[in-house]
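Colleague: Have a look at this one.
What follows is calculated from the coordinates using simple rules that are stated; it is not laboratory data. Everything numeric in this text was worked out from a predicted model, so none of it was measured. Cβ sites come from the backbone with ideal geometry, for glycine too, and all protein chains shown count toward neighbours.
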Amino acid sequence: MTGTRARQVIVTAASVIDGKAIAAQVRADLIPDVTALRDAGIITTLAVVLAGDDPASQVYVRNKVRACEEVGIASRRVLLPSATTTAELLHVIAELNADATVHGILVQLPLPRGVDTDTVIDAIAPEKDVDGFHPENVGRLMAGRPRFVSCTPAGVMRLLAETRVVLSGATAVVLGRSRTVGQPVAALLTAADATVTVCHSRTRDLGAVTRTADVLVAAVGRPGLVKADMVKPGAVVIDVGINRLESGALVGDVDYAGVSAVASAITPVPGGVGPMTIAMLLQNTILAAKARLSSRGDRGAPQ
Ligand code: NAP
């Protein structure tokens, strides 16, 4: 006997965090709330404003409207031409703000060239801003008193919660610092007691930072940026990225095949964060309708 033994290499695939299934459950759980609101005389209603003819935006709007219908939320589509001006959009927003039967307002982004997006978002009544993009709602999140948490970051957190990932004390790395995804995700992870590092296009030696992560969230918009050697063995990887390749395939920011062999859990694209974003939009719309119900109090006024 030589006493030497062949080293065993055990390759285990990460478990897949099934955002599609989790989102379906979240949506199902929302139905009793919509029914209760209806019984109280409130038809939960989301207005979706789409300006222009961007095909991806049209698909997103269609999916959102369909998801609303599925849980019994009424939707109102406001379709505007590509030539819509900021002033025209402000007029539409003012009408929706004043309409007591509308509980949530969503303006599908991107808006046509020439429209001042910030001005339009700022015009949405904060209590109807179910996308959570209004500065008041962003500020409330940062102040630790959230009203509407924007949908994608809320979806990321819900996926982590449903997967029973322990965030307290975990090292988390967020790739991307956008106002809509990276920054709020980092704020939410911090609030959940993770130790958070945010990376961006100027971060030096990205891999050295990402390899420290127990929880890695990628929200960059670069297909396959995160490779297996950038991931700590056993990490939980949440891929927010949605990238359309020339072949037509939809991929995330993470090299799914490679990283699956290293991570303990990973979200696929599609079927990970995307469905959760819509589920969180429905949840926020119901929150808005509930707030309307409590502000109505027992005065019995119509919606
Ligand atoms: P964004 O506004 O373009 O921000 C991208 C961020 O990534 C920026 O902070 C940028 O850094 C950083 N970045 C770019 N290249 C990088 C690199 N090589 N290394 C490290 N960081 C880099 O994008 P976003 O709106 O946050 O969206 C990010 C991705 O998520 C996109 O693919 C988008 O389609 C997707 N998304 C998905 C959902 C969903 O429902 N699943 C929702 C929203 C967005 P700088 O700040 O330095 O420029």
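Colleague: At what distance in nm do the modelled label points of Ile31 and Ser247 sit from each other, each positioned 7 Å from its Cα along Cα→Cβ?
Modeller: Spacing of the two 7 Å Cα→Cβ label points: 3.8 nm.
Colleague: Sequence gap at least 6, Cα distance under 8 Å: using those rules, report the relative contact order of the chain to the nearest whole percent.
Modeller: 22 percent
Colleague: Express the Stokes-Einstein translational diffusion coefficient of region 161-267 in µm² s⁻¹, to the nearest whole number, given a Kirkwood radius over alpha-carbon pairs, 25 °C and a viscosity of 0.890 mPa s.
Modeller: Details: Rh = 13.7 Å.
In µm²/s, the coefficient rounds to 180.
Colleague: Can I ask one more? Taking the Cα centre of the chain as the origin and placing charges on Cβ (Lys, Arg +1; Asp, Glu -1), which of Ala170, Thr101, Asn243 is farthest toward the positive end of the dipole?
Modeller: Positive-most Cα among the choices belongs to Ala170.
Colleague: Shifting gears a bit: Can you put Val196, Val226, Val16 in order of Cβ neighbours within 10 angstrom, beginning with the fewest? Mind dumping the intermediate values first?
Modeller: On the way: Val196 22, Val226 26, Val16 15.
With the fewest neighbours first, Val196, Val226, Val16 line up as Val16, Val196, Val226.
Colleague: Please name whichever of Val269, Gly182, Val259 sits farthest to the positive end of the charge dipole of the chain, dipole taken about the Cα centre and charges placed at Cβ: Lys and Arg +1, Asp and Glu -1.
Modeller: Val259
Colleague: About the Cα centre of region 162-303, what is the dipole size in debye to 20, counting +1 per Lys and Arg Cβ and -1 per Asp and Glu Cβ, all else neutral? All intermediate terms of the calculation are to be shown ahead of the outcome.
Modeller: Numbers: 14 positive and 10 negative charges, 105 e Å.
That gives region 162-303 a dipole magnitude of about 500 debye.
Colleague: How would region 40-136 be classified by its alpha-carbon gyration tensor: rounded, prolate or oblate, with rounded meaning a/c under 1.5 and the a/b versus b/c comparison settling the rest? Could you put the intermediate results ahead of the total?
Modeller: Values: a/c = 1.92, a/b = 1.26, b/c = 1.52.
Oblate shape, in that a/c is at least 1.5 and b/c is the bigger or equal ratio.
Colleague: Between 0 and 90 degrees, rounded to the nearest ten: what's the tilt of helix 151-162 against the longest Cα principal axis of the chain?
Modeller: Roughly 50 degrees, rounded to the nearest 10.
Colleague: Under the rule of -39500 (n - 2.57) per DSSP H run of 4 or more residues, summed and divided by the residues of the chain, what mean residue ellipticity at 222 nm is obtained, to the nearest 500 deg cm²/dmol? Each step should come with its number before you reach the end.
Modeller: Working: 10 runs with 122 residues, N = 303.
One gets -12500 deg cm²/dmol as the mean residue ellipticity at 222 nm.
Colleague: Still on this structure, please answer the following. Does anyone have the angle between helix 55-71 and the longest principal axis of the chain? Alpha-carbon axes, 0 to 90°, nearest 10?
Modeller: The helix 55-71 is inclined about 80 degrees to the chain.
Colleague: Just how large is the dipole of region 40-136 about the Cα centre, in debye to the nearest 20, putting +1 at every Lys and Arg Cβ and -1 at every Asp and Glu Cβ?
Modeller: Dipole of region 40-136, to the nearest 20 debye: 380 debye.
Colleague: Further question on the same structure: Pop out the ³J(HN,Hα) list for region 172-183 in order, Karplus 6.51 cos²θ - 1.76 cosθ + 1.60 with θ = phi - 60°, rounded to Hz; leave Gly and Pro as x.
Modeller: Along region 172-183, the couplings run 10, 10, 10, 8, x, 10, 5, 5, 8, 10, x, 5 Hz.
Colleague: Also: How far is the Cα center of region 257-298 from the Cα center of region 120-197, in Å?
Modeller: So the two Cα centres are separated by 11 Å.
Colleague: Once the piece of chain linking Gln58 and His200 is laid out straight, how much longer is it, given 0.36 nm per residue of separation minus the C-alpha distance between them?
Modeller: Values: separation 142, 0.36 × 142 = 51.12 nm, distance 2.95 nm.
Extra length available between Gln58 and His200 comes to 48.2 nm.
Colleague: Given charges of +1 on the Cβ of Lys and Arg and -1 on the Cβ of Asp and Glu, with all other atoms neutral, how large is the dipole of the chain about its Cα centre, in debye to the nearest 20?
Modeller: The calculated dipole for the chain is roughly 640 debye.
Colleague: Taking the alpha-carbon distance from Lys290 and a cut-off under 18 Å, which lysines remain once sequence neighbours fewer than 8 residues away in the same chain are dropped?
Modeller: Lys128
Colleague: Next up: Gaussian network model of the chain, Cα springs within a sub-10 Å range: biggest mean-square fluctuation belongs to which of Asn137, Asn63, Asn284?
Modeller: Asn63
Colleague: Build a GNM of the chain with springs between Cα atoms under 10 Å: which of Gly41, Gly19, Gly248 gets the top mean-square fluctuation?
Modeller: Evaluated over the chain, the most mobile residue of the options is Gly248.
Colleague: Rounded to whole Å and sorted largest first, list the principal axis extents of the Cα atoms in the chain.
Modeller: 88, 43, 35
Colleague: Have a look at Ile286, Ile31, Ile238 and tell me which one the Gaussian network model of the chain (Cα, springs below 10 Å) gives the largest fluctuation.
Modeller: In the Gaussian network model the winner is Ile31.
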